[in-house]
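What follows is a set of notes on a single structure, which appears directly below.
The values are calculated or read from the model by the stated rules, or taken from the named source; none is laboratory data. Note that the coordinates shown come from a computational prediction; the quantities given were computed from them, not determined experimentally. Backbone-built Cβ (ideal geometry, glycine too); neighbour counts: all protein chains shown. In case anyone asks, the SASA skips ligands and DNA or RNA and just uses the protein heavy atoms, side chains included. Shrake-Rupley method; radii C 1.70, N 1.55, O 1.52, S 1.80 Å.
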Amino acid sequence: LSITDADELIASTPAIPSDGHSVVVELGGRTWTITVSHGSAYLGTSLLMLIATLVLAAAVGYSLIRTARKTRELRFAAMNVRQLGRLTERLAVATDRQQMIHTILERATSLVGSMSATVAMWSGSDTLLATSGVRLEGRTTVADPEDVPIDGSSPIGKALLTDAAVYVQDGTALRAGFAGVASRWSQAGLEACAALPIRRPNGEQMGVIELAWSRPNRFGESLRSTLLTMAEVCQQSLYRAEVQETRWRAASHLSELGQRLSVSRTLDDIARAVVRHAAQASGADHVAVGFVNDACTELKVFHSSFDRDAFGDGPPSFEFPLHPSGELMSVLKRGQPIRFDGAADLERFPAVRHLVGDRLKRIECMPLIDAGNQLRGVVAFVYLSGSDLRLSPEAGRLDTIAGLTAQTVERSLLYQHEHELVVNLQRQTLAELPTIDGLRVAARYLPASSLLGLGGDWYDVHILKDGRIGVVVGDVAGHGIDAIADMAEFRTTIATLLRTNLDLARLPLLSTALLNDDGHSELRFATAGLMIVDVAGRQLSYIRAGHPPSMVRTPNHDVIILEAGGGAPIGIATSSVVQNELALPSGSVIIAYTDGLIERRDESIDVGLARLAAAVRECDSDDPDVIADAAIARCLGGRETEDDTALLVVVVE
């Protein structure tokens, strides 16, 4: 006697039951006793009832078994949903990728009942950077990241190479497929693992998530579904973190580019800033910037090197010929970007093709248009195939970089034009040095290198009526055309008063009074070092109107700093100052200068004074030109200055 449901055997007796035979069957969690009796006249009916009873019992039992199985599956699924929900919540509040990785390591093991979890992400080279977490006694311990080679020696490497999930069911399969890591896994007590690749939305790989168990695992359909769902949740969060971090880095580099461009004054400075910072700001692998000449017949291109270590102080450059009315120039002049897709589009431009090679994926060329709609140049963003994804190119970001560059180019050209005008103007206002018996004089003037407008520094040597020599070095507050105009007025006023044989002590006070009576409403002032050299009497008279102290080198090369006789600057002086005297034997050297020679932002003025004194003292020559050049070389050393410098050297014969 047997009972079946479709092809599945539910219960059966070992033989044909005889009279009085009883059969005990366990079905549906209950015990059923069936007795067969041949003595009854109702044997057929009994057998039918028996069969019906067994069928009913089998149906009930099978239903109970399936219900229990479904209940377990639903309970497991509900638990997975709750665990996935908690994982998603924790990932949603994580602020960076590192926090997300730690969250995955803590939650993934609980979700699938594994002993350990590993998140391996691209490290930007030929390896993956793997961070592992081991769960013991309800706590997850996270180890330091380590490099994992991208090859088939490990489940992580194989998952990355094949771009498919890798399941290792037991130790035998691990030893057969991954002998290189089998011993380490055996020592850790691991028997099974699953490695799941994680990807960006465009299909590019980000890394691999690996789960490992301390027992063999057959990876049924339900577990595989849970693992894939977990990997999808993790990859979405990790991609979000990657995009956010990349945007933060791009914004930081864009800010750095803006700061660099804001202080760039020449085309070389602009090119250096763009090729160094625009790539990170735009996500490009390579950036080039070119500036057109006035005739639009030539493009001077500055480009970043593919070999970053080969990039020196200045960007490499080359000349690129242009056709003024060609198709390329016509599009750029209209302010429209140009795009090249692949190396084939560059066959007509072998110089550019040689620069980027065959790995070219795309070039975005953004024209540099100034406020007058004139083409000044172009910025090219080069994207190479096979390179790591840094940032998806966004037209707005490229436009921003091109706009910043174009504005800086326009400002640079305007600066150069104004710089030339002001330099010429100031040089014309500086007096020619007279020839004086008994004195040799040399002068130097160096314009500031970091300011758009030049300052009002000046020097003067006057031959007075009584044969004495008036020496003046001054500095008007401010920069630009206005400062130069003020400087001319201050010079004239001081020169006029000196020629009246006025006492030096009263000169700042009277100069202030004269300058304040000319109708100017704005406050104007200037510092000045004022001296009178009595060549015949070998004597020096001097005062200081808010100016750095002049110096005198004695014949034996001692340096005297003339710090006495100080008073308020001309323009705000309200009283006379004390005039001081110093003997000037033959061979003495007078050094008068403005503060641009000695002042630096990162040090006190005493350090600058000591540097100048050492330069004058250590110079063996008595030629004023040699002494002037030695002082400038020692004090400035070729560095860019933030203020003008005037220097006057007088040698007493």
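Just from the alpha-carbon atoms, what are the Rg and Dmax of the range 121-209 in angstroms?
Using the Cα atoms of the range 121-209, the pair Rg, Dmax is 13.4, 40 Å.
If you bin the C-alpha pair distances of the range 152-299 every 5 Å from 0, what whole percents do you get?
Binned Cα distances yield the sequence 2, 9, 13, 13, 11, 9, 8, 7, 7, 7, 6, 4, 3, 2, 1, 0.
Please report, as a whole percent, how much of the solvent-accessible surface of the range 488-644 comes from carbon and sulfur atoms (probe radius 1.4 Å).
The value for the range 488-644 is 49 percent carbon and sulfur by accessible area.
For a Förster distance of 25 Å, can you work out the FRET efficiency between the beta-carbons of Ala583 and Ala633, rounded to the nearest 0.05?
Plugging the Cβ-Cβ distance into 1/(1 + (r/R0)^6) gives 0.25.
If each residue of separation counts as 0.36 nm, what is the full-extension length gain between Asp269 and Lys300 once their alpha-carbon separation is subtracted?
Taking Asp269 through Lys300 to full extension adds about 9.8 nm, to one decimal.
Enumerate by residue number the trypsin sites (Lys or Arg not before Pro) in the range 318-350 meeting two conditions: DSSP loop (anything except H, G, I, E, B), and at most 12 other Cβ atoms within 10 Å of the site's Cβ.
Passing sites in the range 318-350 are Arg334, Arg348.
Between Asp370 and Ser12, what is the label-point separation in nm under the 7 Å Cα-to-beta-carbon projection?
10.0
Might you report the magnitude of the Cβ-based charge dipole of the range 553-653 about its Cα centre, with Lys and Arg at +1 and Asp and Glu at -1, to the nearest 20 debye?
It works out to roughly 180 debye.
Taking the Cα atoms of the range 470-600 alone, what are Rg (to one decimal) and Dmax (as a whole number) in Å?
15.0, 50
Given that compact globular proteins tend to follow 2.2 N^0.38 Å, what is the ratio of the alpha-carbon Rg of the range 225-309 to that value?
Working it through for the range 225-309, the quotient is 1.60.
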